[in-house]
Amino acid sequence: MFHTEEMDINMGPQHPSTHGVLRLRLTLDGETISDMRPIIGYLHRGVEKLCEHRTFPMIEPLTDRLDYVAAISENLGYCGAVEKAMGIVVPPRAQYIRVILAELQRIASHLLWLGTHALDLGAMSVFFYTFREREMILDLFEAFCGARLTYNSMRIGGLLEDVPAGWLDRVRHFISIFPGREKEYEDLLTVNRIFVGRTRGVGILTPQDAVALGVSGPTLRATGVDYDVRRAQPYCSYEQFQFDVPLGRNGDTYDRYLVRMEEMRQCCRIIQQALDRLPDGEVRAKVAKYIKPPAGEVYHVVESPRGEQGFYIVTSGGEMPYRMRFRSPSFVNLQALPSMCKGQLVAYVVAVIGSIDIVLGDVDR
Amino acid sequence: MATVTIAPRPVPGFKEFLKTILLAELWVGLWVTLKNQFRPHITVEYPKETVELSPRFRGVPRLRFNPESGEELCIACHLCEIVCPDDCIHIVSEKKPDGKGKRLVSFEINYERCCFCGLCVDPCPTKPLTAIYMSHDYEMADFKREGFVAPLKTLLDGIEPTIYKE
Amino acid sequence: MDRQMIQTIVIPAIQVLLVVMVLPLGIAYLQLVERKVLGFMQVRLAPRRVGWHGLLQPIADAVKLLIKEDVVPDKADRFLFTLAPIVTVIPALAGLAVIPIAGAPFTLFGYEVKPFITDLNVAVLYLLAISSLGIYGIILGGWASNSKYSLLGALRSSAQLISYEVPLGFAIIGVLMLSGSASMVDIVNSQKTARVWYILPQILGFFCYFISAVAETNRVPFDLPEAEAELVAGFHTEYSGMKFAFFFLAEYTNMIVVSSIATILFFGGWLRPFPNAAWSAWLENGWLFFVPLVALGFIGWLVDQKTGQGLKGMFAGLFLGGILGFLLARVDVAGLAALQAPVLSGAFWFFLKVSVFLFVYIWFRGTYPRYRYDQLMALGWKWLIPLSVLNVLGTGLVVVLFG
């Protein structure tokens, strides 16, 4: 007499809480999610193919546009890959400045994530506070390289220019006020019973699933797997810095939140060390005018704010790569979304999408 | 180099219980927003006031004269045209009448294609001032596509600014 | 028309007209205040373009809503779609009929004018009943617009409102037991005799009432029907123009009504702090002192916000307002003595208390995340209802034993 049927609901691509043009097909059994399929490709620009028709220096602006929230991490990874292929040793000062930039970028990216995540959960003011602090970082980037979002901040072999006068003091000022501001976000969210209630135990990812799906970054570390590229395969002199790798315990949305909050504190620690020990000297190694890596292939990974960002370049000895491939963490982390959401209520989805911190420019490339 | 495991578990006890009953963390949250009311605002009323740009700010690329002699700096070497990842620079040059070097016939930048990466400035050979530079102009809205193809004159004088009416 | 008729029909009619005409304007400005306060909490500037510090913004918004195209979705039920906003807004406005802003009647042009439209002896019941009617509008609106989001929003909203009406009603019962009356005027007067606002003996009841009231008005952290991250805009997703404005009007009127009820039931309505205590009698006329104090403090806070010196501005305003108020209150300027009427004093205290409540509403909106639907229900049924029942039992026990 009665029968129930599953209902398909389309979420996105134009939806305020899918953070871009992600489309989700939810199969609902009542309010419970029985299946979920992320449908991607709405932001595909064919960057990998474009790279095959660009010389190596011309590719760097393209990497800005992959993960546009953390462009400096992409610049760092790409330049690192080409330098690895050519065997260039970057001067120590340039390496330290790159570390400062990358860690500032990590804070900026986490701040953007925190603001939008909190906004999804209804906490409006946190968004403005995090953007206030992010704006300070963007001002620093603007002073350093002239752009606020797509930086093109590095060059193969080091940096284009040394930091402008007074810049390091501004960084110092920022990391001196930032912990106090982070305390404010924590006051608004970490202990707030509504926030905890909405995130704790929601969207649990088991360590086994996480490893099997290739998840990386804070999303992986929240499950308790101790893997951070900065420590597992140090690049850009990260082995010279003391920092903790925060790990979660339950792999739920709340743990992912806590891990990122702790990471921001560790970023400040790294920046402080880099500022204290910043060596003098050149910022750019001697590089040939025409960059032609020897034929072969190279893979270089960096820890971007979202996870393991890989650059795979096949070179044929010419000015352009033969094949370029990006391992983008957002794309891989997105695979874990269905396993986090299956069997849960549809109201959880918003919190879970926010917590894995995807950037659709990075997913689709 | 240590690994910290985050264990978000409040210690159960009378103090925690009291905090829960008295809604302690909710009061703290209210205090934060109240406090922030007296912080300086971060937004600006844009057309009326603009933010201060840093010296290295990369706005639209433009050409410049030698500030002392008033001559063209560009020697029509085509390097910026070659290095541009978006093919937005288009240069036409001719041999100088005296046979030494080249001079510009036309120099166009298509701002629709430009991605403001600043790569064109790096290889510019004129010293100490580069002929092409990233200006501080960023207001370049237009109604027509042709308006974005900047000829030599626009590149030297800058985009005609649009005056916003009050 | 004889005198009796004017007294019983014309004056209340004028009062009703006044409420219906003035209230929308007041609400438009309440909305400006909300945007301002939220803006300042979020370290941004809030509306500033239209008029001085955005003071004409509400007018601009109202004009915009009036001249906007009134879209009705293709397959919507036109009649119900039009009916829903009206059904929502009328009960909200009707609630104001029993709200007294001061106690004693005053004389105007020889006629006795009461500072309320009517004093029902079952005012509290009337309010509970009339506020339940508003749910019809929400359900009708959600259903008639023939949209998934609207329907889901309406279902959530009605479930939420119905659940929270129970603790709301229970929370009020404690006050009714203490005062022994359900008339608003009598409740306030009984607080005067008791020499204490009922917030003190009824702190638990107030707690339950306030949380339920926030939920009843669909405000943060209980604004699920309008959770834009999930449901676009809830039951009024498909509404635009004047119909949308009606929903808007209803929401803010409801806010004012529940704040007024809280003021009357728990904070002594138009009474001064420490009512009936002799040493606080100066507060009765001292409102002349407080009006410039509060007003100038607020203006100072507003003006200096731009430079980030809001605190300084506020203190400067408070200081100037204090001096001005002292002069007003102490120096007997001709005519000011007439202003020291109880009705003005009462209205001042009443509106001050209501504004504090409204500020708290906005403050909540600036601070808290939103509950999830199941958590909202759990909070209502598992916590607020038992707590409010407990409050009723406790109050009853105390009244029987010591009353």
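Nothing in this text is a laboratory measurement; each read-out follows from the coordinates by a stated rule. Since we're looking at a predicted model, the values are computed, not measured. Counting neighbours? That spans all protein chains shown, and the Cβs are built from the backbone with ideal geometry, glycine included.
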Problem set entry | Listed peptides B:112-121, A:349-358, A:172-181, A:189-198 by packing density, highest first (mean Cβ within 10 Å) | A:349-358, A:189-198, B:112-121, A:172-181
Exercise. Hey, got the dipole for the stretch C:1-87? About the Cα centre, +1 on K and R Cβ, -1 on D and E Cβ, debye to the nearest 20?
Worked result: 440
Seminar exercise, completed: Excluding residues fewer than 8 positions from B:Lys48 in its own chain, the lysines with Cα under 16 Å of it are B:Lys165, C:Lys306
Seminar exercise, completed: proj_area_mean for chain C (convex hull on C-alpha atoms), units nm², value 22.4
Exercise. Hey, what's the Cα Rg ratio for the stretch C:158-262 versus the globular rule of thumb, 2.2 N^0.38 Å?
Worked result: 1.28
For this session: Do me a favour and compute the ellipsoid semi-axes for the stretch B:42-166 from its Cα gyration tensor, root of five times each eigenvalue, largest one first, whole Å.
Result: 28, 16, 14
Exercise. Which loop-located trypsin sites (Lys or Arg not before Pro) does the stretch A:45-135 contain, where loop means any DSSP state but H, G, I, E or B and the Cβ has at most 15 other Cβ atoms within 10 Å?
Worked result: A:Arg45
Exercise. When the C-alpha atoms of the stretch A:300-365 are aligned to their principal axes, what extent does each axis show, in angstrom, from largest down?
Worked result: 54, 17, 16
Seminar exercise, completed: One point scatterer per Cα, no solvent, Debye formula: log10 I(q)/I(0) for the stretch A:209-360 at q = 0.08, 0.11, 0.17 Å⁻¹ comes out as -0.31, -0.56, -1.04
Seminar exercise, completed: Hydrodynamic calc, the protein assembly as shown: Kirkwood Rh from Cα pairs, then Stokes-Einstein at 25 °C with viscosity 0.890 mPa s, so D in µm² s⁻¹ is 77
Problem set entry | Loop-located trypsin sites (Lys or Arg not before Pro) in the stretch C:153-222 whose Cβ has at most 15 other Cβ within 10 Å (DSSP) | C:Arg195
Seminar exercise, completed: Given pairs A:Lys286/B:Lys127; B:Lys102/B:Lys127; C:Lys114/C:Lys353; A:Lys49/A:Lys292; C:Lys36/C:Lys353 and cut-off 26 Å on Cα-Cα distance, the over-length ones are none
Exercise. Relative contact order for chain B using alpha-carbon pairs under 8 Å, separation at least 6, rounded to a whole percent?
Worked result: 23
For this session: First measure r as the distance between the Cβ atoms of C:Val113 and C:Ala295, then evaluate 1/(1 + (r/R0)^6) with R0 = 22 Å and state the FRET efficiency to the nearest 0.05.
Result: 0.30
Exercise. For A:Glu282, what charge total do you get from the other residues with a beta carbon under 11 Å from its beta carbon, if Lys and Arg give +1 and Asp and Glu give -1?
Worked result: +1
Exercise. If the label point is 7 Å along Cα→Cβ of A:Tyr322, which residues in the stretch A:63-79 have backbone nitrogen under 17 Å from it?
Worked result: none
Seminar exercise, completed: The exposure ranking of A:Phe128, A:Phe2, C:Phe274, B:Phe148, fewest beta-carbon neighbours within 10 Å first, is A:Phe2, C:Phe274, B:Phe148, A:Phe128
Exercise. Which angle between 0 and 90 degrees, to the nearest 10, do you get for helix A:71-86 versus the longest principal axis of chain A when only C-alpha atoms count?
Worked result: 50
For this session: Tell me the label-point distance for the pair B:Ala24, A:Glu186, using the 7 Å Cα-to-Cβ offset, in nm and rounded to one decimal.
Result: 1.4
Exercise. Is it possible to state the helix-based mean residue ellipticity at 222 nm for chain C, with each DSSP H run of 4+ residues giving -39500 (n - 2.57), the sum divided by total residues, to the nearest 500 deg cm²/dmol? What is it?
Worked result: -22000 deg cm²/dmol
Exercise. Taking Rh as the Kirkwood radius computed over C-alpha pairs, what is the Stokes-Einstein D of the stretch A:1-132 at 10 °C in a medium of viscosity 1.306 mPa s, expressed in µm² per second?
Worked result: 86
Exercise. So for the pair C:Lys148, A:Ser237, with labels modelled 7 Å out along Cα→Cβ, what separation do we get in nm?
Worked result: 5.4
Exercise. What are the DSSP H helices in chain C that stretch 30 Å or more along their long axis, judged by alpha-carbon atoms, and whose average Kyte-Doolittle hydropathy comes to at least -1.0?
Worked result: C:11-41, C:123-144, C:148-179, C:241-266, C:342-367
Seminar exercise, completed: For chain B, longest principal axis from Cα atoms; helix B:24-36 axis from its Cα atoms; angle between them, nearest 10 degrees, is 40
Problem set entry | Computed FRET value (nearest 0.05) for A:Lys289 with A:Asp226, which takes r as the C-beta separation and R₀ as 41 Å | 0.40
Problem set entry | Relative contact order for chain C, counting Cα pairs under 8 Å that sit 6 or more residues apart, in percent | 21
Seminar exercise, completed: With only helices counted (DSSP H, runs n ≥ 4, each -39500 (n - 2.57)), the per-residue ellipticity at 222 nm for chain A, to the nearest 500, works out to -14500 deg cm²/dmol
For this session: Report, as a whole number in µm² per second, the diffusion coefficient that Stokes-Einstein gives for the stretch C:14-158 at 20 °C and 1.002 mPa s using the Kirkwood radius over alpha carbon pairs.
Result: 117
